[in-house]
Amino acid sequence: MITELGHFALILAFLIAIAQSVIPLVGAHKRWPGWMSFAEPAAQAQFFFVAFSFGALMWGFITSDFSLNLVTLNSHSAKPMLYKIAGTWGNHEGSMLLWVLIVALFGAVAALFGEALPPTLRARVLAVQASIGVAFYSFILFTSNPFLRLAVPPMDGQDLNPLLQDPGLAFHPPFLYLGYVGLSMAFSFAVGALIEGRVDAAWGRWVRPWTLAAWVFLTIGIGLGSWWAYYELGWGGFWFWDPVENASFMPWLLSAALLHSAIVVEKREALKSWTILLAILAFGFSLIGTFIVRSGLLTSVHAFANDPERGIFILIIIAAFTGGALTLFAARAQSMEAKGVFGLVSRETGLVVNNILLAVSCFVVFFGTLWPVVAEMAFDRKLSVGPPFFNMAFTPFMVALGIALPVGAMLPWKRGKLVRTFWQLRYVFGLALALMILAFVLQTGRSALGPVGLFLGSWMVFGAFADLWMRSGKSGRLQRLLRLPRADWGKAVAHSGLGITMFAIAGLTAWEAEDIRVAYMDEPFEVGAYTLVLRDVGRERGPNYFSTKATVDVSRNGQAVATLHPEKRDYPVARMPTTEAAIEYQFLRDIYVVIGDPQNDGGWTMRTYIKPLANWIWGGCLLMAFGGLLSLSDRRFRVAAGARRSAMKGVPAE
């Protein structure tokens, strides 16, 4: 019964979304207040019904209702409860239901807190947001219905993909979708403004919180996915330039560019056309990521790889929304004339450089991801574009971005002087250079990547806080620092997080130690500065798997460091093995051990890595996300606060 109610609720949400996408648009065109105001209750009702539908599907997974085809294919009665819940979105149909739930959520939040928006713009934004929902409701109901029943339910299910049965990946998709779909609000604001025919500083102030929220969620989602790949796949890496990894990374780059471009619109009423274009492209790349994951076009370790017919449906959605928005953009280009004029050396120029580097980086990743498909279709040649291409083509743009960030952040608006800004950063540059030279001296026979990464990271971290120091004035600096807006602190923390992540990636790549061998019981071997001994390998039984677990002692200079237990798990229902790496986490390095297959002579294959600064990668991601949240909490970013201040200005003094 709950399943049928969930299905009916989804259909009702679909019908409400259709009405919401039409009635407010007509009302805004005719200036009919009643029709425009229809958008708010419709957005909230739509969210209520789709939330009920999603809850009904989740209840089916929690109760192991194997009369539901989706539950049968992606769950099992012996599976732990966390993974039963995560199974709701650990498949194509359920994840698309999560997608439309988040579309409706953002629409409902915009309706609830968008009172300060002009009525016509609010109606148009909510109508465009609803039209996105209409497209995906259609996709779900006509091609990917999650509520299909089985005439003869089985006794038990086929289990969830064992790779997905992990806490990191249980939370990774919701955060990633909050980022993906969050960019739909920036898109809706862009299209709404194009229909309205007006883009001004107020529009830039309204669109920034939505873009910032989407970017924060994307940062957390990508960080969780990277961490999961590091410890779960057993390959020892944090990023493999996998097509699905790239699918999330491309919108992250464009949303970062959009966030900085919107600042120029808000502060100087410049770069209007470019900002609108970025809003369209950022959401367009989110849709492209959805296509890559679900069309089966590209092979990935964590793609849904569904049939091409569904991929064609998504291509139609991409063409309709991205193509339609770009057509509208071309028609309205003249209405977005920039008002602010700025010099060649200014903060505006710094933000333009930031945008160019981020956008070009995105298109480099896009080219490398899709080129094998293009080559096979156009030239009948099978090509593989792997990490060497991405590392070589992508890295220079990120290095340039890291060098430019501290300088661009400290340049004044409208007109500045490079010499003065460099002089303000002279101590930061000297300290970063000294650290690089020290790293060169301490390392022997290694590449320059690590020291250069240290220079870049320290330049960005110390540069960010030098900016705060300069903003605090010359007297009473501590008090002024504490009173600086949260947005300023958020910017410094986010830029520092990026610098730390860049340094950690460079340091890990340059200073990692790797060992692959056949290990024998009680025979020690050396990896870097550590001694490892394989003590035991035994069989154990888990909740829904069988495990081959090893015991490995790790010591350094005769002192015990850790006892690690790498595993190989076999999931009999899913008929799939997984590798569970054993990791000894420390602040400056990780010891990473993977057990392989038994050998005929009694040994076991083992892979061991000493990974310096590994945790700094995700620590930097957390700092970036925390910086975004700090900025988001700044009251200047809340439209309602701005509306209250405007209202107070209009009240006469008593």
**OP:** With a cut-off of at least 1 residues that are at pLDDT 90 or above and hydroxyl-bearing (Ser, Thr, Tyr), name the strands (runs of 3 or more DSSP E) lying wholly within the stretch 533-608.
**Re:** 546-556, 559-564, 582-585, 589-598
**OP:** Exactly one condition in (1) surrounded by 24 or more Cβ atoms within 10 Å (Cβ to Cβ); (2) modelled with pLDDT under 90 is not met by Leu117; state its number.
**Re:** (1)
**OP:** Evaluate the following for Val134: is it free of Cβ contacts under 8 Å to residues at least 12 places away in the same chain and either surrounded by 17 or more Cβ atoms within 10 Å (Cβ to Cβ) or of a type in the set (Val, Ile, Thr) (or both)?
**Re:** no
Original post:
What do you reckon, is Arg198 in contact (Cβ under 8 Å) with a residue 12 or more places away in the chain, under 22 Å from Ala127 (Cβ atoms) and not in a helix (DSSP H, G or I)?
Top reply: yes
Subject >> Tally, over the stretch 145-185, of residues that are among the small types (Gly, Ala, Ser), surrounded by fewer than 22 Cβ atoms within 10 Å (Cβ to Cβ) and assigned to a loop (DSSP other than H, G, I, E, B) >> reply: 1
**OP:** Mind listing whichever residues of the stretch 333-382 are closer than 22 Å to Trp241 by Cα and in a loop (DSSP other than H, G, I, E, B)?
**Re:** Arg381, Lys382
Subject >> helices (runs of 4 or more DSSP H) within the stretch 13-116 that include 3 or more residues touching a Gly at 6+ places or on another chain (Cβ under 9 Å) >> reply: 33-37, 39-62, 69-74, 92-113
**OP:** Inspect the stretch 218-235 for any residue being touching a residue at least 60 places away in the same chain (Cβ under 8 Å), in a loop (DSSP other than H, G, I, E, B) and out of contact with any Phe, Trp or Tyr (no Cβ under 8 Å at 6 or more places or on another chain) and give the result as yes or no.
**Re:** yes
Original post:
Based on what the data block shows, is Leu435 in contact (Cβ under 8 Å) with a residue 60 or more places away in the chain and surrounded by 13 or more Cβ atoms within 10 Å (Cβ to Cβ)?
Top reply: no
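Pull up the stretch 491-531, narrow it to residues that are without any contact (Cβ under 8 Å) to a residue 40 or more places away in the chain and not aromatic (Phe, Trp, Tyr), then point me to the one that is farthest from Ala432 (Cα to Cα).
Step one: list which residues in the stretch 491-531 are without any contact (Cβ under 8 Å) to a residue 40 or more places away in the chain, which gives 522-526, 531.
Restricting the remaining residues to those that are not aromatic (Phe, Trp, Tyr) gives 522-524, 526, 531.
Working: Asp522: 45, Glu523: 44, Pro524: 40, Glu526: 34, Thr531: 34 Å.
Here the answer is Asp522.
The values are calculated or read from the model by the stated rules, or taken from the named source; none is laboratory data. Keep in mind it's a predicted model, so treat the numbers as computed, not measured. Note that we place each Cβ from the backbone using ideal geometry, even for glycine, and neighbour counts take in every protein chain shown.
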